[in-house]
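Report on the structure given below.
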């Protein structure tokens, strides 16, 4: 209860609403939550949330089960159909589509009518005009780089593609690689494609491609790959990246063998853990490529949902409202908690070098739009085939034609169903 | 004896053979020795790229302590709680089926026997989708019981083959004598046949224990999370939990391998009998 | 009936007056004893095989309603390149995995001596078979690590370096080698037992006839090892077609799908992170089953022949 009081004192405007929440309806029974926040810091956040919610509702028994984040990705479907709890974690946009289509996620549009400050992320939770979950956190993507090495080489944060390439040449000349990446589990290559395509062709084009409205063999898609190929041909990426997971690629940056990493903000914590100080690492927005193309960003949103088969939907709805409220959002996304961005516009962003930059970028310098991520914006099967093709392209850029034909064939089949 | 006993060869050949033995063994177990070496290294060695040089310090105790304070003990416990009931269930069922198929002559005997053998040879992935659905329908998804029931069913095929062949080699007059004395059939099973099957039971227990302990596929299809998953699935979640922590994963792998290895060394005779007896006859 | 009588088919007259159960005891008992095992096996193994055939005719995401689409899944398989790659890889596994048999025989011959400590040597050579494939997979993926692996350390002395698991042309072979390690140990044990049973008189007789070395091995020893070879063949074929754990651990099917085999591809399509196609996965399973059926038929035929020969 102490943390919520601190939060109340801090956010005077919202204290009224928060108090109303605390005195909300009398909830009884059991609230079963299955969460995928299995890493140490997020786990603590989730446990704290469950505990606080239980204290607010003395007659309610909150049962929390935390499942390994990777395992949950394949096992949510079994849980939803076999033994649905009352609240689960998942992801926004296309990633929730199969469960919405199978009527396994509850329509929570009524919850959205009662909450404020979430307009910017509403689209990602909306399918056919209804909302099927609430967000609890999101995080920016961008280029994390070794500030100390940039200084040593006399480099500035690039703003254009030409500067990016020129910087990379200097880095390569110094005997280092420009970018570390581990593509064993494929999605990291999806991040690169998202940015290159959004910068080359814009956000709307990218989303149209995700919806299957544009052929993979389109010349504009080819231009994206041509830009990518510039970097590949320079030797900008570390060797053998197809062998590494994203974590296994971290040491290259920590040891200074590579200077930058296009990643989500969750990479900051392990970098700090590995001994890099905030003077050594910094962040910049992925530079512009095409002229007059509004900047757009990847900012994946993680979410809470109510399974359609939940038993205590009343308590679950209250929990969803509780999680998105401004002060709770401020609290759980702090640098020492999740270390990510709050979804509620009325929340405060923690004083953290990376969170502040990310928040500024997403709120002021992302006029084109905010994408979820390759594997959340594309339908599941297209995402899997697509990312495999992207990995192949990064290793064998000469195979591009073959890859594009294959993806185009898949596109025609997948979106037809 | 083939090849010619080394004692009958020249002293030079004997010395060559004696010195080749340890060398060959070293080569054979090289990948494993490497992992043992990994498990005693500090984390720092891996980030600085010192994989094979002299370790900067010996962290074996610390690494294994970390392994035992993680989720690992829970996974190990699950492995035991899955493996032991499976062994008991499988042995019980296959003693009965083996007895029925080995002693009695009836229409369909060979058909049922072949059904067990054929089912046992099936690439078990074909069962994946229906068995998962069945387990969900029985409300046993993500429970140890769900995994145990499937394992018992599948292993029964292999064990029936083994038991039936073993029982066929028992002296049949013993059973006939019992029958003449009017002993009920189930008493013949319990008091005459079962005691004679002890070696087969021992061999199969060791074998099934190893198979089930090492199962990975069904563990990831039918269970999730540290509450139910066995250690084989646990090691890989170790993988994501500690980012690329080779030293800890190595230590974890070794811990996970220990029970079947101990089982093997303690029960070696039964183990080898199990591998060869039922099959080779 | 092909099987000769094991139990004399007569009821002792003493029981004739007893109850129905007693009168039919010998006919009933086997079915009572079989019931639980057969029930389990039918529910969990036999029926699911047929269910898989059924599911393969549907489009089904495993969550909502299934739609009947006839043979469409199979038609799609004919144009699916990932399926083709998986099929070829299965063939590689089948052929190369059989190397475990000669390798196992080789080691068995090497170890078939009676010097001090040989028992310990035999156990230690057998050791890899006892370890889980998950651990074997981890061990070998570290062995192959591109910069830090022991393999590249050794190759480095000759100025060569290989990224075994990162190279789509090499990765499958790299995994098969890892699989051969425990499988060879298995075959070795089968042959060590087989060698024990080799008839010493025949060996001596052949020696007197001047047979030795390879000739002796090929014409005298190997024929006597036939039962061991048969079992080694069976377990190796089954192992090759079931390969899953190693692939999942070592490459996860990559790089870009080059190490998939049917069993892995089926899992990927039906149940993995982005796999929602139960019908398609089941169709792959059916193909794998049909391949296996050729071998199963052969195995059963061999066993049947032996049963008849042994008793006839």
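Odds and ends about this structure:
- Residue B:86 being at the interface with chain C (Cβ under 10 Å from one of its Cβ atoms) and crowded, with 23+ Cβ neighbours inside 10 Å: no
- Some residue of segment C:211-218 being at the interface with chain B (Cβ under 9 Å from one of its Cβ atoms), buried (at least 19 other Cβ atoms within 10 Å of the Cβ) and modelled with pLDDT of 90 or more: no
- Any hit, segment A:118-128, residues being part of a helix (DSSP H, G or I), without any contact (Cβ under 8 Å) to a residue 24 or more places away in the chain, within 18 Å of residue A:319 (Cβ to Cβ) and in contact with a strand residue (DSSP E or B) (Cβ under 8 Å, 6 or more places away or on another chain): no
- Of the residues examined, residue A:155 is not one that is part of a helix (DSSP H, G or I) and touching a strand residue (DSSP E or B) at 6+ places or on another chain (Cβ under 9 Å).
- One residue from C:165, C:138 being part of a helix (DSSP H, G or I), surrounded by 22 or more Cβ atoms within 10 Å (Cβ to Cβ) and more than 10 Å from chain B (Cβ to nearest Cβ): C:165
- Members of segment B:162-187 found to be closer than 23 Å to residue C:35 by Cα and at the interface with chain C (Cβ under 9 Å from one of its Cβ atoms), listed by number: B:168, B:175, B:179, B:184, B:185, B:186
- Summed over segment C:72-95, residues that are farther than 26 Å from residue A:407 by Cα and touching a strand residue (DSSP E or B) at 6+ places or on another chain (Cβ under 8 Å) total 0.
- Here B:101, B:111 are screened, and the one residue that is over 20 Å from residue C:52 (Cβ atoms), more than 21 Å from the chain's Cα centre (by Cα), more than 7 Å from every other protein chain (Cβ to nearest Cβ) and in contact (Cβ under 8 Å) with a residue 60 or more places away in the chain is B:101.
One line per residue, one yes/no per condition, for (1) surrounded by fewer than 16 Cβ atoms within 10 Å (Cβ to Cβ); (2) within 14 Å of chain A (Cβ to nearest Cβ); (3) out of contact with any strand residue (DSSP E or B) (no Cβ under 7 Å at 6 or more places or on another chain):
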{"position": "C:70", "(1), (2), (3)": "yes, no, yes"}
{"position": "C:97", "(1), (2), (3)": "no, no, yes"}
{"position": "C:117", "(1), (2), (3)": "yes, no, yes"}
{"position": "C:144", "(1), (2), (3)": "no, yes, yes"}
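Residue by residue, here is whether (1) in contact with a strand residue (DSSP E or B) (Cβ under 9 Å, 6 or more places away or on another chain); (2) part of a helix (DSSP H, G or I) holds:
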{"site": "A:245", "(1), (2)": "no, no"}
{"site": "A:266", "(1), (2)": "no, yes"}
{"site": "A:279", "(1), (2)": "no, no"}
{"site": "A:311", "(1), (2)": "yes, no"}
{"site": "A:317", "(1), (2)": "no, yes"}
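- Screening A:314, A:297, A:257, A:248 for residues that are under 22 Å from the mean Cα position of the chain (by Cα) and farther than 29 Å from residue A:207 by Cα leaves exactly one candidate, A:248.
- Test for residue A:354: is it assigned by TED's automatic domain parsing to the domain that holds residue A:271, surrounded by 19 or more Cβ atoms within 10 Å (Cβ to Cβ), at pLDDT 90 or above and under 19 Å from the mean Cα position of the chain (by Cα): no
- Listed conditions (1) assigned to a helix (DSSP H, G or I); (2) surrounded by 20 or more Cβ atoms within 10 Å (Cβ to Cβ) are all met by residue A:208, apart from (2).
- Residues satisfying the stated conditions in segment C:28-68, i.e. more than 25 Å from residue B:122 (Cα to Cα), outside any loop (DSSP other than H, G, I, E, B) and either within 7 Å of another protein chain (Cβ to nearest Cβ) or touching a residue at least 60 places away in the same chain (Cβ under 8 Å) (or both): C:29, C:30
The values are calculated or read from the model by the stated rules, or taken from the named source; none is laboratory data. Computed from a predicted structure; not experimentally measured. Positions of Cβ are backbone-derived with ideal geometry, glycine not excepted, and every protein chain shown enters the neighbour counts.
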